[in-house]
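Shown next, in structure tokens, is the structure this report addresses.
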Amino acid sequence: MRAALAEAAAAAGTGDVPVGAVVLDAAGAVVARGRNRREADGDPTAHAEIIAIRAAAGAAGGWRLDGLTLVVTLEPCTMCAGAITAARLSRLVFGAPDPRAGAVGSLWDVVRDQRLTPVPEVIGGVLADECLKIIRTFFQERR
């Protein structure tokens, strides 16, 4: 999660909401990184998770990411939850819940929906306070 928090801090530097993500292999090594780039790229789909999943697919040489773990600082939205399922990631670890748009238990639970397979393991709340603090600070500085 610390590596994902570093990506989140870098996103804030470009004016993007500070959300960061990393993809880990089975040994825990970082194989891909991503951070929000919607403002930087002018792309509504440039969420940290999508950037990291695309980079992981490139590193793996294919779209099936079985055995890999996505670690992200904020609970994924519906778009990102769908991408996690489509990529067949084995595990999702997230920091802060997102009561406004979260699709991993807060508003919806896309990734654990048994009608969509495979269903990844989900671990939420990892360093949640730190993950939430970076987002709150970002928005406080803009108000």
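The values are calculated or read from the model by the stated rules, or taken from the named source; none is laboratory data. Keep in mind the model is a prediction, meaning the values are calculated, not measured. In this analysis, Cβ positions are derived from the backbone assuming ideal geometry, glycine residues included, and neighbour counts consider all displayed protein chains. Accessible surface areas use protein heavy atoms only, side chains included; no ligands, DNA or RNA. Shrake-Rupley method; radii C 1.70, N 1.55, O 1.52, S 1.80 Å.
Would a scan of region 63-75 turn up a residue that is open to solvent by 50 Å² or more (accessible area, probe 1.4 Å) and touching an Asp or Glu at 6+ places or on another chain (Cβ under 9 Å)? The answer is no; no qualifying residue exists. Within region 64-95, the set of residues being in contact (Cβ under 8 Å) with a residue 60 or more places away in the chain and among the polar types (S, T, N, Q) comprises just one member, Thr73. Which residues, taken from region 1-57, are of a type in the set (Asp, Glu), touching a residue at least 12 places away in the same chain (Cβ under 8 Å) and either in a loop (DSSP other than H, G, I, E, B) or farther than 17 Å from Gly82 by Cα (or both)? Residues satisfying the conditions are Glu7, Asp16, Asp25, Glu39. Could you list, in sequence order, all residues of region 20-39 that are more than 11 Å from the chain's Cα centre (by Cα), open to solvent by less than 50 Å² (accessible area, probe 1.4 Å) and small (Gly, Ala, Ser)? Once the filter is applied, which keeps residues that are more than 11 Å from the chain's Cα centre (by Cα), open to solvent by less than 50 Å² (accessible area, probe 1.4 Å) and small (Gly, Ala, Ser), region 20-39 yields Gly28, Ala29, Ala32. Contact map, region 118-138: residues that are within 18 Å of Leu92 (Cα to Cα) paired with residues that are part of a strand (DSSP E or B) and of a type in the set (S, T, N, Q), Cβ distance under 6 Å, separation 6+ or inter-chain. Pairs shown: Cys131/Thr73.
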